[in-house]
Amino acid sequence: MTQKEEIRILAIESSCDETAAAVVVNGRDVRSNVISSQIDIHTLYGGVVPEIASRKHIERINQVVQQALDDAKMTLDEIDAVAVTYGPGLVGALLVGVAEAKAIAWAKNLPFLGIHHIEGHISANYIEHPELEPPFGCLVVSGGHTHLVRVRDYGEYEILGKTADDAAGEAFDKVARAIGLGYPGGPKIDQAAKKGDPLAVAFPHGKVRGSEYDFSFSGLKSAVLNYLNEKKMKGEAVCTEDVAASFQKSVVDVLVEHSENAVREYGFRKFAIAGGVASNSALRAAMEAMCRKRGVQFYRPSPVLCTDNAAMIGAAAYYEFRKGVRSDWSLNAVPNLKLGER
C-alpha cells in the first residue's frame, strides 16, 4: 500500500479542563490548534471540579472541533483519521472527547485512534523541533504526572521513574492555595517566586528510598504547611514570595538532579521536557543549564504546547497511524491508563 504524501489528522483532547481540537499534518505541521479553557470557572472553586468540567466539555466540543476545521481551512472530507485522548484523566471529561471522536469517525468512515495523554505531551516536542527524533530522554511534569521517560522510538517508552505520591503540578497547586495565591497554582507560584529569595527557607528535597529516579513531593508539601503553621502560631509574618521561591527551588532541584543522573547513566545526547509544569521559567532555565553543562541538546515546547492541547495528540497519533495502530468502537475512557499500555 502506498503511503499518502500528507496524513491529515483531526485530534481531540478533553482529559481535564481544556476542550481542545487541532488539525495536524504529518505529525509536525499544525494547521490549527483551538483550546477552550475553563480556568475562570474552576478558579471560583479553587481547583478543577470534575462534574463541571464534563458539562463544559459537552457545551463546547462541537464548536471547538468546527473552529479547528475552519482555522485549518479544511472539511471533514479532507481528514484522513480522527485521534482522541482516552486516558489518563478525569473519566467524565475523557468520555466526552472519546464519544465525539467516535461519532465523527463513524459518520465519515474514518480510522479512529485512541492516544495516551502523556505520549501526547512528549510528542509536543516534535511540533517545534523538526530535527528531534528518538531516542532521547524526557521529563514529563504536569498536574497529574511526574515521569522520567526513556523514549526508545516513536510510541515506545521506558519509564525510569515516577512520583510515589503527589505530582509536581499537584504540589504547586496545593502550596499556592496554602500561601493564598489561589488557582491555577503553577503560573502564580512562578510569578511570585521571581520576587522572592529561593534561599530564604530550606525546604527538604524529596527522595524515594531505593529508587534513584522516582519522585516524592508530599513531604515537601507538608514541610511548607508546617512552616506556615509555625509562623502563624508565633504570630510572625510570612513572605509569600520567599516561600514560593524556596518551594519552587526545592521542586526544580529534584527534577533537574534526577534528570541529570539519567543523562549520565543512559548516555542521552538529547533531552526534552513536557507537560504543564514544563512551562515553569525556573525549571526551563535550570534544565537548559544542566544540558549545556552535560553537552546535551535540550528541547522544550512553547508554553502553549506544554499545557493540555490537541496538537500534541495529533503529533502522537501520526506516528501510531503510520505503524498501523487503529482503535475499534469498543474503546473506552481509561482514567488511570499507564504509559505504554493500550
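If a residue has to be over 21 Å from residue 195 (Cβ atoms), touching a residue at least 12 places away in the same chain (Cβ under 8 Å) and either part of a helix (DSSP H, G or I) or of a type outside the set (Phe, Trp, Tyr) (or both) to count, how many in region 266-277 make the cut? Give the steps one after another, and end with the answer.
Just the residues of region 266-277 that are over 21 Å from residue 195 (Cβ atoms), to begin with: 266-276.
Of the ones still in play, those that are also touching a residue at least 12 places away in the same chain (Cβ under 8 Å) are 266, 268-276.
This time we only want the ones that are either part of a helix (DSSP H, G or I) or of a type outside the set (Phe, Trp, Tyr) (or both), so: 266, 269-270, 272-276.
Going through region 266-277 one residue at a time, the tally reaches 8.
Quick one: residue 96 ticks every box in (1) among the β-branched types (Val, Ile, Thr); (2) at pLDDT 95 or above; (3) over 22 Å from residue 118 (Cα atoms) except a single one, so which number is it?
(3)
Among the residues of region 45-69, write down those that are more than 27 Å from residue 186 (Cα to Cα), surrounded by fewer than 17 Cβ atoms within 10 Å (Cβ to Cβ) and in contact (Cβ under 8 Å) with a residue 40 or more places away in the chain.
Passing the criteria: only 67.
Working only within region 123-134, note down all residues that are charged (D, E, K, R) and in a helix (DSSP H, G or I). Give the steps one after another, and end with the answer.
Our first condition is that a residue be charged (D, E, K, R); within region 123-134, this holds for 128, 131, 133.
Hit for region 123-134 is 128, nothing else.
Among residues belonging to region 278-331 that are among the polar types (S, T, N, Q) and touching a residue at least 12 places away in the same chain (Cβ under 8 Å), point out the one that is surrounded by the most Cβ atoms within 10 Å (Cβ to Cβ).
Initial filter on region 278-331 (among the polar types (S, T, N, Q)): 279-281, 297, 302, 307, 309, 327, 330.
Still in the list and also touching a residue at least 12 places away in the same chain (Cβ under 8 Å): 279-281, 297, 302, 307, 309, 327.
Values: 279: 21, 280: 28, 281: 14, 297: 15, 302: 10, 307: 25, 309: 25, 327: 21.
Here the answer is 280.
Please identify the pairs in which a residue from region 118-129 that is in contact (Cβ under 8 Å) with a residue 12 or more places away in the chain and of a type in the set (Phe, Trp, Tyr) has its Cβ atom under 8 Å from the Cβ atom of a residue that is crowded, with 24+ Cβ neighbours inside 10 Å and part of a helix (DSSP H, G or I), counting only partners at least 6 apart or on another chain.
The qualifying pairs are 126/315.
Mind listing whichever residues of region 26-44 are of a type in the set (Val, Ile, Thr) and surrounded by fewer than 18 Cβ atoms within 10 Å (Cβ to Cβ)?
Filtering region 26-44 for residues of a type in the set (Val, Ile, Thr) gives 30, 34-35, 39, 41, 43.
Within region 26-44, 39, 41, 43 meet the criteria.
State all residues of region 273-330 that are of a type in the set (Ser, Thr, Tyr) and farther than 20 Å from residue 29 by Cα; if no residue qualifies, say none.
Pass one, region 273-330, residues of a type in the set (Ser, Thr, Tyr): 279, 281, 299, 302, 307, 318-319, 327, 330.
Of everything in region 273-330, those that are of a type in the set (Ser, Thr, Tyr) and farther than 20 Å from residue 29 by Cα turn out to be 279, 281, 327, 330.
For region 94-129, which residues satisfy the criterion of being under 19 Å from residue 167 (Cβ atoms) and out of contact with any Pro (no Cβ under 7 Å at 6 or more places or on another chain)? Explain how you work it out, then say what you get.
First, pick out the residues of region 94-129 that are under 19 Å from residue 167 (Cβ atoms): 94, 116-122, 124.
Within region 94-129, 116, 118, 119, 120, 121, 122 meet the criteria.
Note down all Cβ pairs under 8 Å where the first residue falls in region 202-228 and is more than 14 Å from residue 171 (Cβ to Cβ), the second is hydroxyl-bearing (Ser, Thr, Tyr) and surrounded by 14 or more Cβ atoms within 10 Å (Cβ to Cβ), and they're at least six residues apart or on different chains.
202/246; 207/216; 208/216; 214/163
Do the conditions hold for residue 148, that is, is it among the hydrophobic types (A, V, I, L, M, F, W, C), within 16 Å of the chain's Cα centre (by Cα), within 15 Å of residue 16 (Cα to Cα) and crowded, with 18+ Cβ neighbours inside 10 Å? Break it down into steps so the answer makes sense when it comes.
On the way: among the hydrophobic types (A, V, I, L, M, F, W, C): yes; within 16 Å of the chain's Cα centre (by Cα): yes; within 15 Å of residue 16 (Cα to Cα): no; crowded, with 18+ Cβ neighbours inside 10 Å: yes.
Criteria not met by residue 148.
Conditions (1) at pLDDT 95 or above; (2) not assigned by TED's automatic domain parsing to the domain that holds residue 217; (3) not basic (Lys, Arg), marked per residue:
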residue	(1), (2), (3)
259	yes, no, yes
263	yes, no, yes
267	yes, no, yes
274	yes, no, yes
280	yes, no, yes
296	yes, no, yes
314	yes, yes, yes
318	yes, yes, yes
336	no, yes, yes
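Please verify whether residue 120 is modelled with pLDDT of 95 or more, part of a helix (DSSP H, G or I) and surrounded by fewer than 23 Cβ atoms within 10 Å (Cβ to Cβ), treating the condition exactly as stated.
Values: modelled with pLDDT of 95 or more: yes; part of a helix (DSSP H, G or I): yes; surrounded by fewer than 23 Cβ atoms within 10 Å (Cβ to Cβ): no.
In short, no.
The values are calculated or read from the model by the stated rules, or taken from the named source; none is laboratory data. Please read these numbers as outputs of a predicted model, since none were measured by experiment. Virtual Cβ from ideal backbone geometry, glycine too; neighbours counted across all protein chains shown.
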